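Below you'll find the structure, written out as structure tokens, and then a few comments.
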Amino acid sequence: LNILVDTGSSNFAVAGVPDPDVTSYFNSELSSTYKSQGIEVTVKYSQGSWTGVLGTDVITMPKGVYGSYTINIATILESENFFLPGVKWHGILGLAYDALAKPSSSVETFFDSLVRQAKIPNVFSLQMCGAGLPVSGSGTNGGSLVLGGIEPSLYKGDIWYTPIKEEWYYQVEILKLEVGGQNLELDCREYNADKAIVDSGTTLLRLPQKVFSAVVQAIARTSLIQEFSSGFWTGSQLACWDKTETPWSLFPKLSIYLRDENSSRSFRISILPQLYIQPILGIGENLQCYRFGISSSTNALVIGATVMEGFYVIFDRAQRRVGFAVSPCAEVDGSPASEIEGPFTTGDVASNCVSSVSFHEPVLWIASYALMSLCGIILLVLIILLLIPPRCQHRYTDNDVVNDESSLVRHRWK
């Protein structure tokens, strides 16, 4: 089975029944090692969802991590907008933290199981290749997933690390964005509202609405194209050029500044237009059409495949950091489509660009339990006060009579 590698979710799941858009599926009834846990699970993504049943089975790693390991696996029985026409995958491998696992964080993730049983380092790395290639092409564009470490042949130059702000998604801190070398001049908290994450399961670079509008305006202002359809920016229209032309020279590069491990420094990852002006296969005979690889988002800034195809990305969970290095496969016509530069000072940005309150599931549960505990304590105190023997009570005069229960409680609190 082909599996989508997703650093933005935490469940390992494969098709468990036939589906019109899936060429293969896992028939758990034919497996001698599969054990159903009988627990129903539903996972919703920014696009699509599925419902299935949790179980365990044995996996064998064919290279490097030798041995057989028991892992949690969900068999997908129903789905909506998850398996799409023409997709080449039959399941999903969630590599985020257990805080995102469904139905609860007690479901050990695939990678946590591997780290625990195989005793490998708590690090994995990902090289996604596809720069400048048609997004609807057949077959695979290559790339590598390295479990347990870093492969030196998959990157060039230095690795730059940024801290993981919180262990649920791979949440990072973005300090500023530049288009064509010009700072967007937005408050850095706009980039992190309500979070900024590194997510291989998201196709595009997704930006909060205010940031997206500023980026589109800056690209339109600095590009060498006088008039451009608004439908191109919103993703509803393609832009086409003669096949003898390539439009990439008409657009500026886009730079994202990330806070370095040394908080007083930053570094920037830059993508050239070859990564965000993306060719679409087979539209016209003499024309080559392109889509805009950036979209607006309602709830996060997401560094998705549009950016990740330019880099070798290291998810160093052991040291709570994400690393970026230039990928050798991020080249178009022999020229690099990505860059990393640094260090830069962070004197021109706030000391913390991430809101101290993250309204997500684990925190909501903690808040709920805290409030319930507080209510329980107050109720216990009231009961004790009500049961205090009369001799401990205040001796009232004839003019200080308490006639009803609410007054009794009120007087006791005095």
Test of understanding: in a Gaussian network model of the chain with alpha carbons linked when under 10 Å, which of 291, 206, 259 would top the mean-square fluctuation ranking? 291
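Near residue 332, within a Cβ-to-Cβ distance under 14 Å, what is the net charge of the other residues, with Lys and Arg +1 and Asp and Glu -1?
Values: positive: 253; negative: 309, 331, 333, 339.
Around residue 332, the charge tally is -3.
Could you work out the local net charge near residue 257, counting Lys and Arg as +1, Asp and Glu as -1, over the other residues with Cβ closer than 9 Å to its Cβ? Don't skip to the end; give the middle numbers.
Details: positive: 176, 259, 268; negative: 178.
Counting the neighbours of residue 257, the net charge comes to +2.
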One computes Rg over Rh for segment 153-249 from alpha-carbon atoms, with the Kirkwood Rh, and obtains 1.01
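For the chain, take the convex hull of the Cα atoms, compute a quarter of its surface area, and give me that in nm², please. Walk me through the numbers before you get to the answer.
Numbers: hull surface 119.4 nm².
Result: a mean projected hull area of 29.9 nm².
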Each residue of segment 238-251 in turn: what ³J(HN,Hα) in whole Hz from Karplus with 6.51, -1.76, 1.60 and θ = phi - 60°, glycine and Pro shown as x? 9, 10, 10, 10, 4, 4, 7, 10, 10, x, 4, 5, 8, 10
Table column - 3J(HN,Hα) (Hz), segment 67-84, Karplus curve with 6.51, -1.76, 1.60, x for Gly and Pro: x, 10, 9, 8, 9, 6, 9, 9, 9, 7, 9, 9, 8, 9, 6, 9, 7, 10
Highest GNM mean-square fluctuation among 39, 383, 271, for the chain with Cα springs under 10 Å, belongs to 383
Long-range HN-HN contacts of residue 260 with modeled amide H, under 5 Å: 265, 266, 267
How high is the FRET efficiency between residue 344 and residue 383 when r is their beta carbon distance and R₀ equals 60 Å, given to the nearest 0.05? 0.50
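Taking GluC sites (Glu not before Pro) as candidate sites, keep only those in a DSSP loop with at most 14 other Cβ atoms within 10 Å, then name the longest stretch of the chain containing none of them.
Details: sites that count: 185, 227, 245, 261, 285.
Here the longest run is 1-184.
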For the pair residue 49 and residue 80, the simple spin-label estimate (label points 7 Å beyond Cα toward Cβ) gives in nm 0.5
Which whole-Hz couplings ³J(HN,Hα) result when phi for each residue of segment 93-107 is put into the Karplus expression 6.51 cos²θ - 1.76 cosθ + 1.60, θ = phi - 60°, listed in order with x for Gly and Pro? 10, x, 10, 7, 7, 5, 4, 9, 5, 10, x, 7, 5, 6, 7
Looking at segment 21-86, which trypsin sites (Lys or Arg not before Pro) are DSSP coil and have at most 12 other C-beta atoms within 10 Å of their C-beta? 63
Charge tally for neighbours of residue 81 with beta carbon under 15 Å away, counting Lys, Arg as +1 and Asp, Glu as -1, is -3
Can you give me the C-alpha center-to-center distance between segment 170-224 and segment 15-73, rounded to a whole angstrom? 36
Quick test of the membrane-span-like rule: which DSSP H helices of the chain reach at least 27 Å along their long axis (C-alpha atoms) with mean Kyte hydropathy at least 0.5? 361-387
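Evaluate the relative contact order of the chain (contact order divided by residue number), counting alpha-carbon pairs under 8 angstrom at least 6 apart; express in whole percent. Display every interim value, and only then the final one.
Values: 856 pairs, mean separation 68.5, N = 414.
It rounds to 17 percent for the chain.
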Need the full-extension length gain, residue 244 to residue 106, defined as separation in residues times 0.36 nm minus the C-alpha distance. One decimal, nm. 44.1 nm
With only helices counted (DSSP H, runs n ≥ 4, each -39500 (n - 2.57)), the per-residue ellipticity at 222 nm for the chain, to the nearest 500, works out to -5500 deg cm²/dmol
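Any read-out appearing in this document is the output of simple, stated calculations on the displayed coordinates, not a laboratory observation. None of the values given here were measured: they were computed from a predicted structure. Virtual Cβ from ideal backbone geometry, glycine too; neighbours counted across all protein chains shown.
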